[in-house]
Structures are given as C-alpha cells and as structure tokens.
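The structure appears right after this line, and notes come after that.
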Amino acid sequence: MILSQFQSIGRDLSTKGLVSSNSGNLSIRLGEHMIITRRGSRLGYLEEHDLIETGISKNDRNTPLASVELAVHRAIYQETTAQAIVHAHPPHAIALSLTETEIVLGDTEGQSILDRAPVLGWHMDVRPGGLADIIGQALKQSRIIMVHGHGSFAIGQLLEEACNCTTTLEGSCRIICILKSLQASSDKR
Ligand SMILES: [Zn+2]
C-alpha cells in the first residue's frame, strides 16, 4: 500500500520530467518516524528496499541509508504539520529561482491552488541537506518553496497533494518562462 503510493508518485514525477535519474526524494510521516526514499534511489523505479524507515528526531541503524536530504525532511516534520514531502527538480521553476527571490504565479492556472513560492538560499552555499531550518520555517507559511538554483520542497497531507503542488508550480513557471521569452523577443523588435 505504502510502496504503491511511493511508486505512483515517483513514476509521475519522473514521467513529467520533474526529477531526473536519481534526483528528488519523497517521504511520509509515521508518528515519530518517517518513511523516506533511499539515498541514490531512482524515483521512477522504486522497490521495497528503496523505502527507509528512520526517526524524525532520533538516528537509528537505517539513518545512513536515507536520502541525502534527510535533514531537510526532518526539519520540515519538526516545524510543520506536514504528513508528506516531495522534493523535485522542476526545470522551469529552477530557471526562475535563479532570477527571482519569490515566484509569483499571478494570472496562471496555478493561482487558485498556489499564489506564490518563496525562493530560499540566495547568496548561500547550498549543499544536499542544507538550509534545513530555513526551509522548515518557510513551509509554515507556504505549501511549496524553491531552493535557489536547486529544486522544490512541497508539503501535503498525502504524497499526492505535495506532488500536485509541485506540478502546479512547474506548470505555472513554464507559462511565466514562455511569457518572459515572448516579451524579450518583442522588446528586440
Ligand atoms: Zn535536489
């Protein structure tokens, strides 16, 4: 049951190009524990051994097997009421994260679900698992955030909800990018 949820969300993100090869990670909260994808796992091809159960606050023998973004997932569960987290690399949202400090969705179709996504980590050296506390704090106010030049972290009650948030943001960012390039080419005329 849990495996099939992870598999269907992993496949969905992979098919839509929101994660590539072994990037991206997923988790769900289970009381004081979480189930998180294995370090280096490929989200499009998850199997039982790719799901790692470990503590939200405490380390155990499974901890070293968890995703490199474990520290961020832990901080999010400690700071928010999220039950599920999706970390992806949506290309148009990443492009905008390199130029914006906040992505405002405005008149795009994502507006009814999301109106903005803050971009965190400007002028910081961001490594996997970095910015954990800052991301946890920001997700108290927003359902999704972008890490500058890296990727998104989205939360929900279910993996599906966090995944929808990610695809909605990417869909809107794609439109914003197209609009920006149309404006840039009409400015040249
Ligand atoms: Zn990443």
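The values are calculated or read from the model by the stated rules, or taken from the named source; none is laboratory data. Because the structure is a prediction, the values reported are computed rather than measured. Note: ideal-geometry Cβ built from the backbone for every residue, glycine included; neighbour counts use all protein chains shown.
Brief remarks follow.
- The C-beta contact set for segment 3-29 (first residue in a helix (DSSP H, G or I), second residue among the acidic types (Asp, Glu), distance under 6 angstrom, 6+ apart or interchain) comprises Leu3/Glu48.
- Odd one out for Phe153, checked against (1) in a helix (DSSP H, G or I); (2) touching a strand residue (DSSP E or B) at 6+ places or on another chain (Cβ under 6 Å): (1)
- No other residue among Val126, Val68, Val72 is touching a residue at least 60 places away in the same chain (Cβ under 8 Å), more than 14 Å from Ile28 (Cα to Cα) and aliphatic (A, V, I, L, M) apart from Val68.
- Here Ala154 qualifies as touching a Cys at 6+ places or on another chain (Cβ under 7 Å) and modelled with pLDDT of 95 or more.
- Pick from segment 1-60, criterion within 16 Å of the ligand (Cβ to nearest atom) and touching a Phe, Trp or Tyr at 6+ places or on another chain (Cβ under 9 Å), ranking: farthest from Asn164 (Cα to Cα): Thr37
- Given (1) farther than 28 Å from Arg42 by Cβ; (2) at pLDDT 95 or above, number of the condition Ala75 does not satisfy: (1)
- Pair list, Cβ < 8 Å and 6+ apart or interchain, from segment 84-102 residues that are closer than 21 Å to His123 by Cα to residues that are basic (Lys, Arg): His92/Arg174; Glu102/Arg116
- The strands (runs of 3 or more DSSP E) falling completely within segment 81-150 that include 3 or more residues that are within 16 Å of the ligand (Cβ to nearest atom) and of a type in the set (A, V, I, L, M) map to 84-88, 116-120, 144-147.
- Some residue of segment 84-91 being within 13 Å of the chain's Cα centre (by Cα) and over 22 Å from Ser27 (Cβ atoms): yes
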